[in-house]
1. Based on the alpha-carbon set only, what is the convex hull volume of the range 100-224 divided per residue, in Å³?
2. Using a 10 angstrom cutoff on alpha carbons, build the Gaussian network for the chain and name the most mobile of R145, R379, R100.
3. Calculated from DSSP H runs of 4 or more alone, at -39500 (n - 2.57) each and per residue, what is the 222 nm mean residue ellipticity of the chain, nearest 500?
4. May I ask you to list the residues of the range 364-399 whose amide nitrogen lies under 16 Å from a point 7 Å from Cα along the Cα→beta-carbon direction of Q350?
5. Is the range 221-323 best put as rounded, prolate or oblate by its Cα gyration tensor, with a ≥ b ≥ c the root eigenvalues, rounded for a/c under 1.5, and otherwise prolate when a/b is larger than b/c, oblate when not?
6. Mind running the shape call on the chain? Use the C-alpha gyration tensor, a ≥ b ≥ c as the square roots of the eigenvalues: rounded below 1.5 for a/c, prolate if a/b tops b/c, oblate otherwise.
7. How high is the relative contact order of the range 90-245? Use alpha-carbon pairs under 8 Å, at least six apart in sequence, and give a whole percent.
8. With just the Cα atoms of the range 8-48, tell me how far they stretch along each of the three principal axes, in Å, largest first.
Amino acid sequence: MKYNFDEIIDRKDTDALNYDGWRQYIFKTDKDAQFAFTDNEFIRMWVADMDFSTPPEVLDAIKARLDRKILGYTKVYDDEYYQIFKDWCHRHYDWEIDPREIVLSPGIIPALNRLVPLLIKEDESILIQTPSYTPFKQAGDYNSRQVLYSDLLEEDGEYAVDFADMERKIKDKSLNIKLFILCNPQNPTGKVWTEEELIKMGKLCIENDIWMISDEIHCDLLRNGVTHTPIAKLFPHYEKIVTCMAPSKTFNLAGNLMSHIFIKDEEVKKEWLRLYDDFISPLSLVATKAAYSQCDEWLKELRNYLDDNFKLVQEFTQIHFPKANFKIPDSTYLAWINLANYLPEDVDNQQLSLYFANKTGILLEGGNMFVSNGDNYIRINLACPRTIIKEGLERIKNAL
Ligand SMILES: Cc1ncc(COP(=O)(O)O)c(C=O)c1O
């Protein structure tokens, strides 16, 4: 192995959300709120960023850019930037993109918040699949659009789309659904939708003239042997698909604030550019170029390491929590585990994160943090050195 994913990196006092911002984010308290464990004692397995170093190739590119001494106003003026990303999409997804569709966004959450009013009117509503990444719902809430849920079906840890439910809701004129936000791969379940499933969902939207936003932020973090298909690749002529991709999860660059939003519709793209054609950070620009051009090997090793972390959790649950419902997900570094058979009866499902924080000193996300259909689940982040995961699992075992 060329890269060291076992390294323990001190994130204290870096103003990291993961390390310093958990009280405000998870518990909505102020930064001085007291818990049963001290800050140094907590194990952090919550928000989706990694405890691994960003690839050294990316850090070197940022350092080299700093050596150019001036950090002035910056935009992408070089064609090489888009060529690099085009090559990435070709190499990894056999997807021939048109870079003219791409607009830049500081993140996918801001992109969702911006897109909703550009795509649908106030009396039109949004469909999401639950359990869901909460900002999908918030993008509707913040823009005063109604958000409707279609619960995913689950059997033995395997998730499936409830097509009958989706179709019923989409065809119900009184609900006026005009936008479907798809998460592929899905957070929190890690499910990578098959081409067959994507075609079925896509056709349903096309036949009913519905916009699709496909959030594919986790698409590079696949288990070995799994392939991801961008839904836009399957429907190259449907203008009402917006695809969101980013280097942020893949290369631990969330603070880089760069993501790629593919908008095919000329009018919508024009409006986006009128409102949001911002300057970008020169450091982010070179970081993104380095990530997509020099880090395939790093990503390969990361994926192997994550695969082994998942195997560890699987073996541990089989021995110590045989009645937990857990399946290694197709993608992401997030384990989604149903602990219904182990949680004490008096534990409030709305307070699972608090229960684990005070009982085990682990910061994780309870199923209630994923809109709906997540009772008795915990989501733990496995993008950390194996020694930390082992300690975390022991703590959970001892508590339950
Ligand atoms: C599905 C999904 N979309 C978007 C984001 C966040 O995107 P960004 O940091 O680009 O706003 C996350 C982060 O966890 C996510 O899981």
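1. 121
2. So, out of R145, R379, R100, the one fluctuating most is R100.
3. Helices in the chain give a 222 nm mean residue ellipticity of -12000 deg cm²/dmol.
4. 366-376
5. Verdict is prolate for the range 221-323.
6. oblate
7. Once divided by the residue count of the range 90-245, the mean separation gives 22 percent.
8. 27, 19, 18
The numbers here are math on the coordinates, done by the rules we state, and not lab data. Only a predicted model underlies this, so the values are computations on that prediction, with no experimental measurement involved. With ideal geometry, Cβ positions are generated from the backbone for all residues, glycine too; neighbour counts draw on all protein chains shown.
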